[in-house]
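**Student:** The structure under discussion is supplied below as structure tokens; questions concerning it will follow.
The values are calculated or read from the model by the stated rules, or taken from the named source; none is laboratory data. Just so it is clear, the structure is predicted and the values come from calculations on it, not from any experiment. Cβ placement follows ideal geometry from the backbone for every residue including glycine, while neighbour counts extend to all protein chains displayed.
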Amino acid sequence: MKNKAIRVGIYVLIAYLILGLLFHFIAGDSLRATADTTSPVSPKAVLGEFVEKDTIKQPFVCEYDSLTSIGVLIGTNARKNSDTIHLSIWDNPNREGEPLYQSSVNAESMKDNTTYVWELGDKAIQNAAGKTFYLELESENGRKGNSISLYYGNTINAGRFSVAVDVFPLEVNGEPRLDDDDNPCSLCLTLGGIDYHWVGTYYWYLYGGGALLLALYILYVLHCKKHEKKCVALSLINSMLKYRFLMKQLVARDFKTKYKRSVLGVLWSFLNPLLTMSIQFVIFSTLFKSDIDNFVVYLLTGIICFNFFSEAANMCLMSIIGNATLINKVYVPKYIYPLSRSLSSGINLLLSLIPLLLMLLITKTPITPAILLLPFALIMLFLFSYGVGLILATMMVFFRDTQFLWNIFSMLLMYLTPIFYPETIIPTQFLWLYRLNPMYQIITFVRTILIEGISPGPAAYLGCILVAVIPLLIGLLIFKKNEDKFVLNI
């Protein structure tokens with residue numbers, strides 16, 4: 001028995017080392033730095049022809065550690081223009097000192113209704129996050145009928161609707177440009193930048209430190225086992241081994257009960273997300289004209305993740321009162337009942353991934369090594385759902401109206417989660433609050449892996465861990481504190 005415990009400890013340590021190396025291979029670049037682009041406003045109108053001696057000034061705030069590119073949406077009136085456009089970026093509104101970047105470009109190279117991008121290259125502006133910069137554009141020899149136009153706006157498109165955003169006022173020849181309602185407008189800029197992460201710099205130190213801590217904890221567990229002392233890991237392992245047969249029976253019962261007397265049976269695990277996606281796809285891609293890239297995969301990802309959370313939470317909610325007879329007759333750790341419900345929902349989740357993978361193939365979405373990070377997101381989703389389920393199961397014992405209140409709250413949470421709409425419709429000032437939604441963190445993580453084919457940055461991993469672990473710990477605490485009272489109330 002002792003040798004077996006040592007072997008298990010060694011296997012756990014080897015698994016950690018292999019997973020750490022694999023993770024660095026897949027996510028290495030995103031751990032060091034993350035490149036991104038933003039477009040603060042959507043086009044609303046054009047300034048008119050940009051002619052000789054015209055000067056345009058546009059303040060903007062950079063969100064990135066390093067500003068690497070800046071683009072401006074151009075209109076050429078479907079012709080080639082011979083003007084020369086001078087661009088400069090300043091760190092002050094009065095053009096004092098030297099510009100941070102300056103460049104000149106021939107308008108002949110610009111295409112109609114396309115964003116022309118200036119790559120800053122080795123002149124990339126460092127330590128730019130949160131700072132205000134001033135873009136200036138000048139026309140050298142533009143003439144009427146032989147010059148470009150520039151797009152401006154003060155909204156973000158969301159399907160057929162537009163959402164107003166706060167912008168820095170655009171100035172044309174020293175005069176602010178306003179819309180018909182006298183609201184300030186901004187050039188349609190596209191900012192490109194890089195965020196640097198300390199995690200990549202110190203990854204191998206963190207990796208080695210984690211291995212050392214894990215090895216020490218394994219030794220501690222072996223010490224506790226040898227001297228018959230209690231510890232969390234041993235208690236959990238012993239409990240799982242002792243009640244694994246019961247767990248299998250409960251999971252099998254819940255899974256079979258769900259499809260009892262159903263003609264299609266398990267096929268509903270495939271059909272349910274596909275049919276839901278089909279209906280919402282028709283509605284939001286035609287009636288509301290959604291312009292989200294790869295909308296099919298975007299929509300199906302949100303549906304599958306949220307359906308699992310909703311199903312697991314609903315099943316956990318009834319897990320204690322639904323097993324009242326068994327609880328009154330046989331002693332079993334009560335957390336097993338909501339756990340078995342979550343696991344049976346997890347089987348449906350795994351089955352529903354099959355149509356998602358098929359959609360990736362049908363839409364010709366590139367499948368990259370980043371897809372190997374999907375289990376991490378699914379585990380975080382499971383832990384979050386189980387934590388919420390523990391809270392609901394406890395509340396349901398003492399307050400039977402919980403099921404009705406939860407139905408309302410879960411519907412509200414669904415609309416607060418970007419399942420079928422882009423987050424760009426949320427006003428900028430409320431984005432920080434919107435992103436506190438745990439389902440937002442997890443679904444966005446999955447979409448980054450599947451649609452963009454890259455690993456998210458370290459902040460995304462931390463966000464997923466926090467939204468999973470905190471509800472889980474709260475759920476365990478509430479459940480543990482009240483489980484002895486269940487028998488008196490069920």
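**Student:** Could you tell me which numbered condition P375 fails, if it satisfies all but one of (1) without any contact (Cβ under 8 Å) to a residue 60 or more places away in the chain; (2) outside any helix (DSSP H, G or I)?
**Tutor:** (2)
**Student:** If you check every pair at least six apart or on different chains, which have Cβ atoms under 9 Å apart with a residue in the stretch 460-472 that is closer than 15 Å to I443 by Cβ first and a residue that is of a type in the set (K, R) second?
**Tutor:** Close Cβ pairs satisfying both conditions: G463/R435.
**Student:** A follow-up question, please. Identify, from the list S352, S410, the residue that is surrounded by 13 or more Cβ atoms within 10 Å (Cβ to Cβ), in a helix (DSSP H, G or I), modelled with pLDDT under 85 and among the polar types (S, T, N, Q).
**Tutor:** The conditions single out S352.
**Student:** Could I ask something else about it? Please specify each residue of the stretch 393-407 satisfying the condition of being under 23 Å from D484 (Cβ atoms) and hydrophobic (A, V, I, L, M, F, W, C).
**Tutor:** Within the stretch 393-407, A393, M395, M396, V397, F398, F399 qualify.
**Student:** Kindly evaluate I391 against the criterion of being outside any loop (DSSP other than H, G, I, E, B), touching a helix residue (DSSP H, G or I) at 6+ places or on another chain (Cβ under 7 Å) and closer than 22 Å to A460 by Cβ.
**Tutor:** no
**Student:** From the list G48, G130, G71, pick out the single residue that is in the same structural domain as R177 (by TED's automatic domain parsing), among the small types (G, A, S) and not in a strand (DSSP E or B).
**Tutor:** Only one candidate qualifies: G130.
**Student:** Checking L378 against (1) over 19 Å from L476 (Cα atoms); (2) touching a helix residue (DSSP H, G or I) at 6+ places or on another chain (Cβ under 6 Å), which single condition isn't satisfied?
**Tutor:** (2)
**Student:** Within the stretch 216-236, can one find any residue that is in contact with a helix residue (DSSP H, G or I) (Cβ under 9 Å, 6 or more places away or on another chain) and among the polar types (S, T, N, Q)?
**Tutor:** no
Each row is one residue, and each column tells you yes or no for (1) modelled with pLDDT of 90 or more; (2) under 16 Å from L472 (Cβ atoms); (3) over 25 Å from the mean Cα position of the chain (by Cα).
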{"position": "A312", "(1), (2), (3)": "yes, yes, no"}
{"position": "T368", "(1), (2), (3)": "yes, no, no"}
{"position": "F382", "(1), (2), (3)": "yes, yes, no"}
{"position": "A393", "(1), (2), (3)": "yes, yes, yes"}
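**Student:** OK, next. Can you tell me how many residues in the stretch 51-64 are within 23 Å of V165 (Cα to Cα) and part of a loop (DSSP other than H, G, I, E, B)?
**Tutor:** Looking only at that region, the number is 3.
**Student:** Which ones in the stretch 178-196 are buried (at least 18 other Cβ atoms within 10 Å of the Cβ) and in a loop (DSSP other than H, G, I, E, B)?
**Tutor:** C185, C188
**Student:** Name the pairs: first residue in the stretch 419-446 and in the same structural domain as L300 (by TED's automatic domain parsing), second residue among the acidic types (D, E) and not in a loop (DSSP other than H, G, I, E, B), Cβ to Cβ under 9 Å, at least 6 apart or on different chains?
**Tutor:** Taking only residues 6 or more apart or on different chains, the pairs are L431/E423; Y434/E423; R435/E423; Y440/E423; T444/E423.
**Student:** Continuing with the same structure: Determine, yes or no, whether I156 is surrounded by 13 or more Cβ atoms within 10 Å (Cβ to Cβ), touching a helix residue (DSSP H, G or I) at 6+ places or on another chain (Cβ under 6 Å) and in a strand (DSSP E or B).
**Tutor:** Answer is yes for this residue.
**Student:** I need every pair where a residue in the stretch 295-320 that is under 18 Å from I336 (Cβ atoms) has its Cβ under 8 Å from the Cβ of a residue that is assigned to a loop (DSSP other than H, G, I, E, B) and among the β-branched types (V, I, T), sequence separation at least 6 or different chains.
**Tutor:** These pairs meet every condition: I320/I490.
**Student:** Could you give me the residue pairs with C-beta distances under 8 Å whose first residue belongs to the stretch 229-251 and is within 15 Å of L326 (Cβ to Cβ), whose second residue is of a type in the set (F, W, Y) and at pLDDT 80 or above wherever it lies, and which are 6+ apart or on separate chains?
**Tutor:** Note: pairs meeting the criteria are L250/Y337.
**Student:** Can you name the residue in the stretch 214-235 that is part of a helix (DSSP H, G or I) and loosely packed, with under 11 Cβ neighbours inside 10 Å and is also modelled with the highest pLDDT among such residues?
**Tutor:** Among those that are part of a helix (DSSP H, G or I) and loosely packed, with under 11 Cβ neighbours inside 10 Å, it is L216.
**Student:** Still on this structure, please answer the following. Look at G97 and say whether it is part of a strand (DSSP E or B) and in the same structural domain as G174 (by TED's automatic domain parsing).
**Tutor:** Spelling it out, it is not the case that G97 is part of a strand (DSSP E or B) and in the same structural domain as G174 (by TED's automatic domain parsing).
**Student:** Residues that are in contact with a His (Cβ under 8 Å, 6 or more places away or on another chain), modelled with pLDDT of 95 or more and farther than 27 Å from R400 by Cβ: list the helices (runs of 4 or more DSSP H) wholly contained in the stretch 432-490 that include at least 2 such residues.
**Tutor:** Per the criteria, no element qualifies.
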